[in-house]
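Participant: Quick one: the structure is below, and I'll ask about it shortly.
The values are calculated or read from the model by the stated rules, or taken from the named source; none is laboratory data. What you see is a predicted model, and the numbers here were worked out from it, not measured in a lab. Ideal geometry is used to build each Cβ from the backbone, glycine not excepted, and the neighbour counts take in all protein chains shown. Surface areas here come from the heavy atoms of the whole protein model, side chains and all, with no ligands, DNA or RNA. Shrake-Rupley method; radii C 1.70, N 1.55, O 1.52, S 1.80 Å.
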Amino acid sequence: MSDSQTDRFAPGWPGIPARWTSSAKTGVGTALNLHSRVWFTLSHGILNEIYFPRVDQACTRDQGLIVTDGSSYFSEEKRHCKFENVPLEPGVPVYELTNTELQGRYRIEKEIFSDPYRNVVLQRVRFLPLQGKLADYRLYALLAPHLANYGNENTGWVGDYKGTPMLFAQRGDCALAFACSTPWKKMSVGFVGFSDAWQDLSQHYLLTWNYTRAENGNIALTGEIDLAACGGEFVLALGFGGIWSEAGQQARSSLLEPIEDLRADYVRHWKYWQESLLKLDEPRREVDLYRAGVAVLRSHESKDFLGGVIASLSIPWGFNKGDEDLGGYHLVWPRDLVETAFGFLAAGAEPDALRVLRYLEVTQEADGHWSQNMWLDGRPYWGGMQMDEAAFPILLVDVINRQSRFAFGDLERWWNLVRRAAAYIVRNGPVTQQDRWEEDSGYSPFTLAVEISGLLAAADLADAVGQTEVAAHLRETADCWNDNIERWVYAKDSDLARQLGVDGYYVRIAPPESDCAPSPLEGFVPIKNRPPGQSAERAVHLISPDSLALVRFGLRAPDDPRILNTVKVIDALLKVKLPQGPCWYRYNGDGYGEHENGSPFDGTGLGRPWPLLAGERARYELALGRREAAEKLLQVMELATEGGLLIPEQVWDATDIPELELFRGKPSGSACPLVWAHSEYIKLRRSLRDGKIFDQPPQTVQRYQIQKQRATHFEWRFNNKCRMVPQGKTLRLVLPAPAMVHWSFDGWQAAQDTNTRDPLDMFVADLPSEQLPVGREIVFTFYWPQQQRWEGTNYTVVVE
C-alpha cells in the first residue's frame, strides 16, 4: 500500500472521459485450468481487455510499451509498429508477437499466455535495438486499468509487495498489480490526458513527473524497465485479486516460478483438450480456422458458471464507447449459446455441450423462457423477448439425446426444461417481440422455423416420457404454424417480385396486427439504427437471408420454388462481392455498422456484410447439392480474418480507408471475434464432412417434406385475431385463461357453449367448423369465470 504521508498526488482529476479500445482482436486466450480466472485479448501488438474474475468483467483497457531515447525520440508500439501475430500452434492460445518499428529502429518480441494456476497474465518480452545499441533506448510499460467494467472511479498508486516494486490499482472489490521480473527502475501514476506518463514521455522523453497516487478517476500506470539490468529480456506479470495484496501475491508468485514450466503446463492442458476433438482440420488449407475456432469457443466460457459462454471478448467500436456500455458483447445470449453448443457438438466436444445445457437449465426463467441476454449469473441485461431463444434449448436437448454418446439416462430431468419452454412457446408464439437481430416484432421466418422445429422436438420428448396428449397438442400447434408460414411471410405479386421476375418471396418480418390476420403486404416495419425520417419501410420491401432457416431447420426443401424465388431476391438485394468472394447483409436498409465515411456506429450507420451469413448460405448450397459452392463460401469466412485467426461480426465493404484501418473484406469495427461466427464455421466444416446440414432436425424433414403433413386446426389468438379460417379446418381458440366460449354458426339463431381445456399451461377450445361451407360466419365471445365477467365483444371469423 502507498504511504499517504509521502504520496505525490497526480493533478488533472478525473482525467479525460474513459473509452474502451479496438474491438478488432487478433488473439484471445485463457488457461483451461479452473484455478486461473483471467482471460486476455490482443490487438495492435499489445494486450487489450483482460477479464477477471469472470469472463463478463473487463478490468483493463490495454497495456503496451513506449520507447524513447531520453531526449528527442518517442514511439508507442501500438501506433508506430507493424505487427506479426503467430499462435504457438493451431488451437493453443499462446501468442508470439513481433512488433517492428516502422522506421526500423527497434523490434519487440513477446510471448503471451496466462498462468494456469494463478490469476496472472504473463508476457515474456525481448527488446531488440535494430539501430544503435541497447543503452540508447529507454523502455516503459503503460497500463490503463478499467476495473470491474469501469474506466472511471479507478484508484492507482506506486507501492510494493514484500519488497517487490509494483504498480497497483483498485476499484471496489477488484484490484490489479503490475510487476516486472527485473524491478521497475521508475514508476508513475496519473490521470489520463493530463498527468499520465504518456503525456510526460511524449513531452520530455523521460519520466519526470513521478506521481505516486491518482484517486477515483480514469488513470494510467507506468513503469520503466531497467534495460541495463535485464539485457532487454524480461517478464511482465499482471496479477488480479479482490484487494491489492491478493493481486500482488499472485503477480509475485508467478514471477518466482520458472516461466518455461508455467508455459508447458498451459500448453499441455490445451493440447489434451484439442486431441479429444474430431479431426476436421486440413493442414494444407491456405487458412484453416478449425482449431483456432474451437479454442475461441472454449476461451469464452466462464470458470465460475460452467457452460456460460459469452458472445465476444470485445466491445464493438469500443474506442468510441465509455462506461455507459457496461455489457459490450461480454454477455450471454441464449441463441448464441446454443449455436456455440452446436459448434461444440460438431467438433465432437460433447462434454462441453453438456455444460452449456446444464447452464441453460439453471438460467431458465420461471415461465419457461430465457432472458434476451444476461450476465453470467443469470441477471437479465436487456429486457426483450425473442421466441427463438425459447426454442433453441429444446433443439439442443433433442440433438444431444439423439446423437451424443452421453445420451440422457434420466429424460424426466430434461423434460422439465423442455416442457416449460414449449409451454411458453405455445402460449406466446408464433409472434416474437424481437427477431434474431433484436430489432422488430412480428412473424419472422427464422423465428418461426426455430419455434416449429422446437415444438416437434418437444413432442418427441413428450412421447418418450409418456406425455402423449401433450405431444399431440405440440404437433398440432406446429402443423398449424407451419401451414401458415406462407400466409404470414410470403409476399406474392408485389412490385419487387414483378421487378425481379419471381411470383413471390419470403420477407424479413411481417408486423403483427391486433385486429386482423397479418399479411406481409400490409403495414410497415420500423428499421432500427437509422436516422429520423428513414426508420420505417413497407414489410414487403424488406428482405433477409433469415428465410434460409426454413431449409436449415427442415421445414422446406432447398429446391422448393418459394425458396428458390427468395434466394434470387436475396442475391439481388443483399449479396456483395468481396475480394475473397460473395457475402451478404442482414437485410436491406440495415443501420448497424459504420457510417459511409467509416466513422464508428453511434446509434446510426450502415449495416455491413456478416461472414456468418456466408456460412449459413454455404450450408444451404450443400443441401442443394452444390458442394463446390459451399467450399468456396467456407473460404470467404476464412479470408475475412486479419492479423489472427478470428472471424469478425462484420467486414468492411467499401473502398479502403487505411487511416481508419478499414480494408475491403476484412474486419470492421464490430465485434471480433464473434463466437457465433466461429460456431457457424465449425458446423460448416462438420456439414461438409458429413455431406449434409449438421444440426438439421429430422422431425421437420420427416413430417413436412416426406409425409407432407397438413394441419387439421386453424388458430385464433388475441395476438393473431384471424378473420378467415380455411374450409375444412377446425377453428381452435387459444386463450390466456380458462373461459367458456359462447358461439354460433348461424348468426346467434342457435348458440352453444364450450369450456376450454388445458393441454399445456394454456387454454383451448375447438369449434367444429370443418364441415362449414365457404362464406359461413363463425361468431363467438367469452365468459371469464375467474373474473366472473363477459368479454363484451363479439368476434367473427369467415370460412374461406
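Participant: For region 703-729, give me the residue count where each residue is free of Cβ contacts under 8 Å to residues at least 12 places away in the same chain and of a type outside the set (V, I, T).
Facilitator: The number of residues fulfilling the criteria is 2.
Participant: For region 390-440, how many residues are assigned to a loop (DSSP other than H, G, I, E, B) and among the hydrophobic types (A, V, I, L, M, F, W, C)?
Facilitator: 5
Participant: Could you check, for region 719-727, whether at least one of its residues is assigned to a loop (DSSP other than H, G, I, E, B), of a type in the set (A, V, I, L, M, F, W, C), at pLDDT below 95 and open to solvent by 20 Å² or more (accessible area, probe 1.4 Å)?
Facilitator: No, there is no match, as no residue in region 719-727 is assigned to a loop (DSSP other than H, G, I, E, B), of a type in the set (A, V, I, L, M, F, W, C), at pLDDT below 95 and open to solvent by 20 Å² or more (accessible area, probe 1.4 Å).
Participant: For region 638-681, which positions are under 13 Å from S312 (Cα atoms) and in contact with a strand residue (DSSP E or B) (Cβ under 6 Å, 6 or more places away or on another chain)?
Facilitator: Those that are under 13 Å from S312 (Cα atoms) and in contact with a strand residue (DSSP E or B) (Cβ under 6 Å, 6 or more places away or on another chain): L646, P648, C672.
Participant: Which condition breaks for E111 when tested against (1) under 19 Å from I225 (Cβ atoms); (2) crowded, with 21+ Cβ neighbours inside 10 Å; (3) in contact (Cβ under 8 Å) with a residue 60 or more places away in the chain?
Facilitator: Failing condition for E111: (2).
Participant: Here's a follow-up. Having 2 or more residues that are open to solvent by less than 20 Å² (accessible area, probe 1.4 Å) and modelled with pLDDT of 95 or more is the bar; report the strands (runs of 3 or more DSSP E) wholly within region 1-97 that clear it.
Facilitator: Hits in region 1-97: 27-30, 39-43, 46-51, 60-68, 74-76.
Participant: For region 772-780, indicate whether the set of residues that are part of a loop (DSSP other than H, G, I, E, B), under 30 Å from A459 (Cβ atoms) and modelled with pLDDT of 95 or more is non-empty.
Facilitator: yes
Participant: If you take just the helices (runs of 4 or more DSSP H) that sit entirely in region 445-541, which of them hold at least 2 residues that are more than 30 Å from the chain's Cα centre (by Cα) and farther than 30 Å from Y592 by Cβ?
Facilitator: The helices (runs of 4 or more DSSP H) meeting that bar are 445-464, 468-489.
Participant: Across region 563-576, what is the total count of residues that are open to solvent by 20 Å² or more (accessible area, probe 1.4 Å) and either under 18 Å from R619 (Cα atoms) or within 26 Å of the chain's Cα centre (by Cα) (or both)?
Facilitator: 6
Participant: Exactly one condition in (1) of a type in the set (V, I, T); (2) part of a loop (DSSP other than H, G, I, E, B); (3) in contact (Cβ under 8 Å) with a residue 24 or more places away in the chain is false for V189; which is it?
Facilitator: (2)
Participant: On to the next question. Identify the residue in region 735-754 that is assigned to a loop (DSSP other than H, G, I, E, B), open to solvent by less than 50 Å² (accessible area, probe 1.4 Å) and not small (G, A, S) and, among all such residues, is farthest from I778 (Cα to Cα).
Facilitator: P738
Participant: Also: Would you check if Q103 is farther than 22 Å from S668 by Cα, open to solvent by 50 Å² or more (accessible area, probe 1.4 Å) and among the polar types (S, T, N, Q)?
Facilitator: yes
Participant: Any idea how many residues of region 356-368 are touching a Gly at 6+ places or on another chain (Cβ under 6 Å) and buried (at least 20 other Cβ atoms within 10 Å of the Cβ)?
Facilitator: Summing the residues that are touching a Gly at 6+ places or on another chain (Cβ under 6 Å) and buried (at least 20 other Cβ atoms within 10 Å of the Cβ) in region 356-368 gives 3.
Participant: Among the listed residues K133, K186, K162, which satisfies the condition of being more than 25 Å from L313 (Cα to Cα) and touching a Leu at 6+ places or on another chain (Cβ under 8 Å)?
Facilitator: One residue alone meets the criteria, K186.
Participant: For region 110-121, enumerate the residues that are farther than 11 Å from Q250 by Cβ and of a type in the set (A, V, I, L, M).
Facilitator: Passing the criteria: only I112.
Participant: Given the residues R617, R608, R586, which is the only one that is in contact with a Pro (Cβ under 8 Å, 6 or more places away or on another chain), in a loop (DSSP other than H, G, I, E, B) and at pLDDT 95 or above?
Facilitator: Going through R617, R608, R586 in turn, the sole match is R586.
Participant: Right, here's the next one. Just to be sure, is A557 without any contact (Cβ under 8 Å) to a residue 60 or more places away in the chain, among the hydrophobic types (A, V, I, L, M, F, W, C) and surrounded by fewer than 21 Cβ atoms within 10 Å (Cβ to Cβ)?
Facilitator: no
Participant: Confirm whether D653 is surrounded by fewer than 24 Cβ atoms within 10 Å (Cβ to Cβ), at pLDDT 95 or above and touching a Lys or Arg at 6+ places or on another chain (Cβ under 6 Å).
Facilitator: When the stated conditions are applied, D653 passes them.
Participant: Residues E486, E476, E451: which one is touching a residue at least 40 places away in the same chain (Cβ under 8 Å), closer than 22 Å to R732 by Cβ and surrounded by fewer than 16 Cβ atoms within 10 Å (Cβ to Cβ)?
Facilitator: E486
Participant: When L622 is evaluated against the numbered criteria (1) open to solvent by 10 Å² or more (accessible area, probe 1.4 Å); (2) assigned to a loop (DSSP other than H, G, I, E, B); (3) in contact with a Lys or Arg (Cβ under 9 Å, 6 or more places away or on another chain), which criterion, by number, is the only one it fails?
Facilitator: (2)
Participant: Residues of region 577-598 being open to solvent by less than 40 Å² (accessible area, probe 1.4 Å) and under 12 Å from S668 (Cα atoms), which ones?
Facilitator: Once the filter is applied, which keeps residues that are open to solvent by less than 40 Å² (accessible area, probe 1.4 Å) and under 12 Å from S668 (Cα atoms), region 577-598 yields Y592, G593, E594, G598.
Participant: Could you count how many residues in region 625-635 are in a helix (DSSP H, G or I) and either of a type in the set (G, A, S) or in contact with a Cys (Cβ under 6 Å, 6 or more places away or on another chain) (or both)?
Facilitator: Selection size over region 625-635: 2.
Participant: Does region 198-226 hold any residues that are touching a residue at least 24 places away in the same chain (Cβ under 8 Å), among the hydroxyl-bearing types (S, T, Y) and not in a helix (DSSP H, G or I), and which are they?
Facilitator: Hits for region 198-226 are Y205, Y211, T212, T222.
Participant: Would you check which residues across region 237-288 are over 30 Å from W157 (Cα atoms), modelled with pLDDT of 95 or more and part of a loop (DSSP other than H, G, I, E, B) and list them?
Facilitator: Answer for region 237-288, where residues must be over 30 Å from W157 (Cα atoms), modelled with pLDDT of 95 or more and part of a loop (DSSP other than H, G, I, E, B): S276, L277, L278, K279, L280.
Participant: While we're looking at this one, here's another question. What is the one condition in (1) open to solvent by 10 Å² or more (accessible area, probe 1.4 Å); (2) within 30 Å of G669 (Cβ to Cβ) that G318 does not satisfy?
Facilitator: Failed condition: (1).
Participant: Only one of D435, D388, D377 is of a type in the set (D, E, K, R) and surrounded by fewer than 23 Cβ atoms within 10 Å (Cβ to Cβ); which?
Facilitator: Criteria check complete, one pass: D377.
Participant: Take W198 and tell me if it is of a type in the set (A, V, I, L, M, F, W, C), farther than 27 Å from K303 by Cα, open to solvent by 50 Å² or more (accessible area, probe 1.4 Å) and touching a helix residue (DSSP H, G or I) at 6+ places or on another chain (Cβ under 6 Å).
Facilitator: So W198 does not fit the description; no.
Participant: To continue, here is another question. If the Cβ limit is 8 Å and pairs must be 6+ apart or interchain, which residue in region 73-89 that is over 25 Å from W270 (Cα atoms) pairs with which residue that is open to solvent by 50 Å² or more (accessible area, probe 1.4 Å) and aliphatic (A, V, I, L, M)?
Facilitator: Going by the 8 Å Cβ cut-off, the qualifying pairs are H80/L102; C81/L102; K82/L102.
Participant: Identify, from the list G533, G466, the residue that is free of Cβ contacts under 8 Å to residues at least 12 places away in the same chain, small (G, A, S), under 24 Å from T712 (Cβ atoms) and out of contact with any Gly (no Cβ under 9 Å at 6 or more places or on another chain).
Facilitator: G466
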